[in-house]
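Data first, discussion second: the structure below is written as structure tokens.
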Amino acid sequence: MKFGAEIVPYYKPEKLKRLGKEIESSGFDFLWISDHYHNRFVHSILTYMADRTERINLGPGVTNPYLIHPAATAAAIATLDELSDGRATLGISAGDPSFLNSVGVDHSRPITAVREAIQIIRRLLNEERIEFSGDIFTCREAKLGFSPIHDIPIYVGGRGEQMMQLAGKVADGALINASHPEDLKECIELVDKGAKDADRSLTNFDKVAYMATSIDEDEEKARNRARAVTSFVAASAPESTLNREKISMDRINEIRAHLMDGETKAAKEKVTEKMIDVFSVSGTIDKLENRIKKLRKIGVTQVVIGSPIGPDAYSAIDKIE
């Protein structure tokens, strides 16, 4: 099993550098940088981290095709690959509707948008000159002027049924935005179904548990730190999970409404203890270790220690090491 960690670039660059180096020195295999327009720009931070690390794989976890055209993403990830001596990887999905809504972006036809984006990116990374006329994107004689130095893996992120099947059909891995073993098992089955429908082998496919994680010896402190991230994960949870865990749809709709209006504090206050249990791994290191043991058994091949990591990210990374 491989291990990754996510950094949300709301920290200043000096702290990002120290945290990234700590993650690498602790033996992690992947460093994923989240992409939201209001934080420090993902590709700038990835470049910064590439110059300050030596071994760890780097990539956006995840970018979206709405704010940056797929051709520009192809150029950005190929540049990162060159600067990092072949350590680049790409995570892509449809983006968070609440953040896109706040800048007037229509989050329409997400599956089509991601599928077309991957088609364009792959062809450009393969040094093709492409004509492309899709339902969302268009390219006319588009071509990169340089080449990536290795085959860059593309991961599809998300949780929904269609997105997970798309991952199985076209991607090299799935960044599954879930923490609960039952949710991850369901997503893996969807990935497998997508691959079967496309007549693909998943021999080298990376099935990633991209888990909201908060580790601290003080369990209450850890859980409170996870509330904000939990609100976003809960807002995108499928009906099957909500029904299984008997989570109030009315409460979920309140969280969604607050997030769409940019009221993140109000959304966080609507998060219940049950939601923290279902949509994150929050508490002592023993809880994380027990969860990882369960995930090995269901076919997870990479575990990402996702935001917030813990009330003190450095301390949490030390414990995980």
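Taking the highest mean first, how do the peptides 27-39, 238-250 order by number of other beta carbon atoms within 10 angstrom per residue? All intermediate terms of the calculation are to be shown ahead of the outcome.
Values: 27-39: 20.3, 238-250: 12.8.
Put in order of decreasing packing, that is 27-39, 238-250.
So what is the relative contact order for segment 128-230, in percent, with contacts set as C-alpha pairs under 8 Å and at least six apart?
Numbers: 142 pairs, mean separation 20.4, N = 103.
So the answer I get is 20 percent.
Leaving out ligands and nucleic acids, and using a 1.4 Å probe, what accessible area per residue does the chain come to in Å²?
Details: 14020 Å² over 321 residues.
Result: 44 Å² of accessible area for each residue.
Going 7 Å from the Cα of R55 toward and past its Cβ, which residues in segment 18-45 have a backbone nitrogen under 12 Å from where you end up?
23-30
When ranked by the protection proxy of mean other Cβ atoms within 10 Å per residue, highest first, what sequence do the peptides 76-85, 265-274 form? Present the calculation step by step, with values, prior to reporting the outcome.
Details: 76-85: 20.2, 265-274: 16.7.
Result, highest mean first: 76-85, 265-274.
Taking a virtual spin label 7 Å from the Cα of S44 along the C-beta vector, which residues in segment 80-102 bring their backbone nitrogen under 15 Å of it?
Nothing falls inside the zone, counting backbone N under 15 Å.
Run the simple label-point estimate for H150 and I285 please: 7 Å along Cα→C-beta, distance reported in nm.
About 2.9 nm, to one decimal.
Report the residues of segment 142-169 in range of a label on R109: point 7 Å along Cα→C-beta, backbone N strictly under 16 Å from it.
Answer for segment 142-169: none.
Please report, as a whole percent, how much of the solvent-accessible surface of segment 113-240 comes from carbon and sulfur atoms (probe radius 1.4 Å). Walk me through the numbers on the way to the answer.
Numbers: 2370 of 5740 Å².
Carbon and sulfur together cover 41 percent of it.
For the cross-link pairs K17/K319; K185/K274; K207/K274; K2/K287, which exceed 23 Å when the distance is taken from alpha carbon to alpha carbon?
Values: K17/K319 19 Å; K185/K274 20 Å; K207/K274 26 Å; K2/K287 18 Å.
Listed pairs above 23 Å: K207/K274.
For the chain, what does the helix formula give at 222 nm: sum of -39500 (n - 2.57) over DSSP H segments with n ≥ 4, over the residue count, nearest 500 deg cm²/dmol? Before the final figure, lay out the partial values.
On the way: 15 runs with 154 residues, N = 321.
The per-residue figure over the chain is -14000 deg cm²/dmol.
Could you tell me the extents of segment 164-246's C-alpha atoms along the three principal axes, largest first, rounded to whole Å?
Result for segment 164-246: principal-axis Cα extents of 47, 27, 17 Å.
With both bridge residues required to lie in the chain, what share of the DSSP beta bridges run antiparallel, to the nearest 5%?
Working: 3 of 37 bridges.
Roughly 10 percent of the DSSP beta bridges within the chain come out antiparallel.
Could you order the peptides 161-172, 140-151, 6-17, 59-70 from most to least packed, using the average number of other C-beta atoms within 10 Å per residue? The partial results should precede the final answer.
Details: 161-172: 22.3, 140-151: 12.7, 6-17: 16.6, 59-70: 23.9.
Peptide ranking by packing, descending: 59-70, 161-172, 6-17, 140-151.
The values are calculated or read from the model by the stated rules, or taken from the named source; none is laboratory data. These figures come from a predicted structure and were not determined experimentally. Neighbour counts are summed over all protein chains in view; Cβ atoms, including those assigned to glycine, are modelled from backbone coordinates with ideal geometry. Note: accessible area is taken over every heavy atom of the protein model, side chains too, but ligands, DNA and RNA are not part of it. Shrake-Rupley method; radii C 1.70, N 1.55, O 1.52, S 1.80 Å.
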